[in-house]
Amino acid sequence: MTNLLLAGALALAAAPADTIPKGFLLWERAAAKKDDNPETNWAVNRRITARLTVNPCDKNALASAGRVAARTIVYTSVPDFQKSEQVILYSSGDQATQALAELKAALRTCASAKTGGFAYRYSAKPVTLGDEALAVTGQNYAGRKPAIGGERAIVSRKGNALILYSQAGEWGKPAKADFTAQTRDATTMLGKICAIASC
């Protein structure tokens, strides 16, 4: 009987959570504060169907299969700054791995899009965070020269969780330092994610 109870307890401990507790994301406290500034806005999305915040092909369904919970926080500031925090739990580590693989494929498929005399280009490189991670650069180009405008994101998987931190705004030439804040936040979240994820 004791062995059966122990086996059941271990099975429950190994099962992934299907909710993200209120206040779990790093920016939730800031997002909950009253903001009277008409030029800034916080938005919190708890829908499981929320779009992936790093989405080069602009597809609603990207990395959506197998989700069991999601929370997304987006901060915008006029005229052109935006940052986002997103945590998604999948039904298994394999599903989360597949979600990241879908993002990698999208980064290749939609690596460049032209608008007028400009081209918006995506690139990504692996970084050492969690079980696997990418540093994603989106950048506007005029010919071969970086123009104003782009995004920088860290996307990391740990167990069955996908963690995304992104900033978009008046970026110039891509640089390693562009990822400092996103890497810091991703590292902090990775330090606590195993409380709700199957790591």
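The values are calculated or read from the model by the stated rules, or taken from the named source; none is laboratory data. Since we're looking at a predicted model, the values are computed, not measured. A quick note on method: Cβ atoms are made from the backbone with ideal geometry, for glycine too, and the neighbour counts reach across all protein chains shown. The accessibility values were calculated without ligands, DNA or RNA, using every heavy atom of the protein model including side chains. Shrake-Rupley method; radii C 1.70, N 1.55, O 1.52, S 1.80 Å.
Brief remarks on what is shown
- Test: Val127 is under 29 Å from Glu39 (Cα atoms) and either crowded, with 20+ Cβ neighbours inside 10 Å or of a type in the set (A, V, I, L, M) (or both): no
- Near pairs, Cβ below 9 angstrom, 6+ apart or cross-chain, from region 35-53 (open to solvent by less than 70 Å² (accessible area, probe 1.4 Å)) to any residue that is at pLDDT below 90: Thr40/Val78; Trp42/Asp35
- Of the residues making up region 167-184, not a single one is part of a strand (DSSP E or B), basic (Lys, Arg) and in contact with a Phe, Trp or Tyr (Cβ under 9 Å, 6 or more places away or on another chain).
- Any hit, region 118-141, residues being at pLDDT below 95, of a type outside the set (Phe, Trp, Tyr) and on the phi > 0 side of the Ramachandran plot: no
- The single residue among Thr115, Thr97 that is on the phi < 0 side of the Ramachandran plot, open to solvent by 70 Å² or more (accessible area, probe 1.4 Å) and not small (Gly, Ala, Ser) turns out to be Thr115.
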